[in-house]
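Beneath this line is the structure, given in structure tokens, with notes to follow.
The values are calculated or read from the model by the stated rules, or taken from the named source; none is laboratory data. Keep in mind that this is a model prediction, so the values were computed, not measured. Cβ placement follows ideal geometry from the backbone for every residue including glycine, while neighbour counts extend to all protein chains displayed. Please note that ligands, DNA and RNA were not included when accessible areas were found on the heavy atoms of the full protein model with its side chains. Shrake-Rupley method; radii C 1.70, N 1.55, O 1.52, S 1.80 Å.
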Amino acid sequence: MANNTILVVDDELGIRELLSEILGDEGYNVALAENAEQARNCRSQMRPDLVLLDIWMPDTDGITLLKDWANTGFLTMPVVMMSGHGTIDTAVEATRIGAVGYLEKPIPLQKLLSTVGQVLRSGQHKSVSALSLASLGRSGLITELRQKLEQVENLKAPVLLTGEPGVGVEYCARFLHRSNTTWAAPESCAFLVDNPLGQLEQAKGGILFLGEIGELSKLEQKGLLLLLSKLDQYSVRLVCATTRSLAELTAQGAYHPKLFEILNNLCITVPPLRAHREDIPEMANQLLSDLIESGEVPLLHFSTAALNALRNHDWPGNLAQLASIVHSLAFTCTSDEISVDAVQQALAFSSRESVSVISDIPLNISLREARDIFEKNYFEKLIEQEGSNMTRVAERAGLERTHLYRKLKTLGIKLRSQNHQ
């Protein structure tokens, strides 16, 4: 408990002092902010374990501040809203954005302590920080992407997310997910043949996310068609993603025309990293900051030249590759600054690895066979480099872990179960 820091944001001096005294007596470290500006400054300097945030403040209300944190990638801690005259609608809106609780003033002592203790024990902030649309940047292109997602956020229709490997479709899918509702991302799509309605029951009232629907078998496609017809019955929102052109697959006869027609009705493309490279320096800094805040690496920073080198790279692996490079640079840096030379060496090594994988493929085979060889070699090398740490492999490949395991099974790649991390 002594290590937990709680940030109290309230414009009333008496409330701040009272909460500070109560929480301090319980052994918590307490930081105070009387308005949104002070709260932003405090959050930029530290990551509290919990924020108690007043809804009604004179400069910026708590809901707006919560949205700002969510949009800029700073909502990496649980936030409990406080209000003396809130409404149900306000509480629901705060929960939708990412708040994990609501306290009505005057706050009973036991209610305060039980809520604080429960939130800190539950570790709810981990799910908040895992996937944020802010991780894709804040450029005009990403702002447009956010606007498209906001337009479809409250619809019930299935959404198809498309993009190159590693662009971060899962961030967009998570953006559409409402807090305190089910998030279902099955490891395998075999359920589409075996028991599609059973999966709908598990996802009831929430989102069912399928990470790669471009590789479904004919039987799985029929199962998905059945599932689509039952979504309303189970109050499930379907969000799919693919790195492949469903239009081309349909034209080749490999994809069910009706299925393509339904999924293509609401299609959003996530741009590759090279199309919004102005975001790269800030994204790299944020990725590095996350490693520092988690205690995995000491205090570090990129040199200006290093950030420019990252910005000018084409990033064929997109965000997943950027995250992998930043991770490698952070863990191998021997000073407090990551230099341009270190960045160039890391990028050169990454490029050589890509070439070595591609050079193993013969040219006298079909495209499908060549792709399978490439993917098998690609994943085997990633697994080897990451010491079978599947979390890291999934990050580098830009895949949900559930899709990764299905892909490895399809390619016949066997894993040592004790090393699944």
Task: the stretch 8-104: radius of gyration over Cα atoms, expressed as a fraction of 2.2 N^0.38 Å - done: 0.99
Task: Long-range HN-HN contacts of LEU50 with modeled amide H, under 5 Å - done: THR5, LEU7
Open item on the list: Which residues does the label zone of GLU296 cover in the stretch 162-179, counting backbone N under 12 Å from a point 7 Å along Cα→Cβ?
Closed with: none
Open item on the list: Compute the helix-to-body angle for 340-358: its Cα long axis versus the longest principal axis of the chain, expressed 0 to 90° and rounded to tens.
Closed with: 30
Task: Estimated vicinal HN-Hα couplings, Hz - the stretch 50-67 in sequence order (Karplus 6.51, -1.76, 1.60; Gly, Pro = x) - done: 7, 10, 9, 10, 6, 6, 9, 9, x, 7, 9, 6, x, 5, 5, 5, 4, 4
Task: 222 nm mean residue ellipticity, helices alone, for the chain (DSSP H n ≥ 4; -39,500 (n - 2.57); rounded to 500) - done: -15500 deg cm²/dmol
- [ ] Please report, largest first and rounded to whole Å, the three semi-axes of the ellipsoid equivalent to the stretch 191-239, where each semi-axis is the square root of five times an eigenvalue of the C-alpha gyration tensor.
- [x] 17, 11, 9
Open item on the list: Sequence gap at least 6, Cα distance under 8 Å: using those rules, report the relative contact order of the stretch 1-42 to the nearest whole percent.
Closed with: 48
Open item on the list: Let me cross-check TRP56: its accessible surface, 1.4 Å probe, with only protein heavy atoms counted, in Å² to the nearest 10?
Closed with: 110
- [ ] Starting from the amide H of MET82, placed 1.01 Å from N in the peptide plane, find each other amide H under 5 Å away whose residue is 5 or more places distant or on another chain.
- [x] LEU53, ASP54, ILE55, LEU103
Task: Debye log10 I(q)/I(0) for the stretch 107-241, one point scatterer per Cα, at q = 0.16, 0.20, 0.22 Å⁻¹ - done: -0.89, -1.18, -1.32
Open item on the list: Given the chain, report the % of alpha carbon pairs whose separation exceeds 32 Å.
Closed with: 44
Open item on the list: If packing is taken as the average number of other Cβ atoms within 10 Å across a peptide's residues, how do 332-340, 94-102 rank, most packed first?
Closed with: 94-102, 332-340
Task: Surface accessible to a 1.4 Å probe, per residue, for the residues of the stretch 1-81, Å² - done: 43
- [ ] For the stretch 286-301, just list the computed ³J(HN,Hα) in residue order, Karplus coefficients 6.51, -1.76 and 1.60, θ = phi - 60°, integers in Hz, with x standing in for Gly and Pro.
- [x] 5, 4, 5, 4, 4, 5, 5, 5, 7, x, 6, 9, x, 4, 9, 8
Task: 12 Å beta-carbon shell around GLU12, net charge (K/R +1, D/E -1) - done: -3
TODO: Filter the cross-link list LYS222/LYS381; LYS67/LYS230; LYS204/LYS407; LYS258/LYS414; LYS105/LYS148 down to pairs whose alpha-carbon distance in this structure exceeds 30 Å.
DONE: LYS222/LYS381; LYS67/LYS230; LYS258/LYS414; LYS105/LYS148
Task: Nearest-ten-degree value, helix 88-97 long axis tilted from longest Cα axis of the chain - done: 50
- [ ] Taking the dipole about the Cα centre of the chain, with the C-beta of Lys and Arg at +1 and of Asp and Glu at -1, give me whichever of LEU415, GLY140, LEU53 is farthest to the positive side.
- [x] LEU415
Open item on the list: For a Förster distance of 30 Å, can you work out the FRET efficiency between the beta-carbons of GLU37 and SER328, rounded to the nearest 0.05?
Closed with: 0.25
Open item on the list: Within the chain, what whole-number % of the accessible surface is contributed by carbon and sulfur, with the 1.4 Å probe and all protein chains included in the calculation?
Closed with: 50
Task: For VAL30, distant residues with modelled amide H under 5 Å away - done: ILE6
- [ ] Give me the accessible area per residue for the stretch 141-272, probe 1.4 Å, as a whole number in Å².
- [x] 45
TODO: Have a look at MET57, MET46, MET81 and tell me which one the Gaussian network model of the chain (Cα, springs below 10 Å) gives the largest fluctuation.
DONE: MET46
Open item on the list: Only sites in a loop by DSSP and with at most 16 other Cβ atoms within 10 Å count here; which GluC sites (Glu not before Pro) in the stretch 250-316 make the cut?
Closed with: GLU296
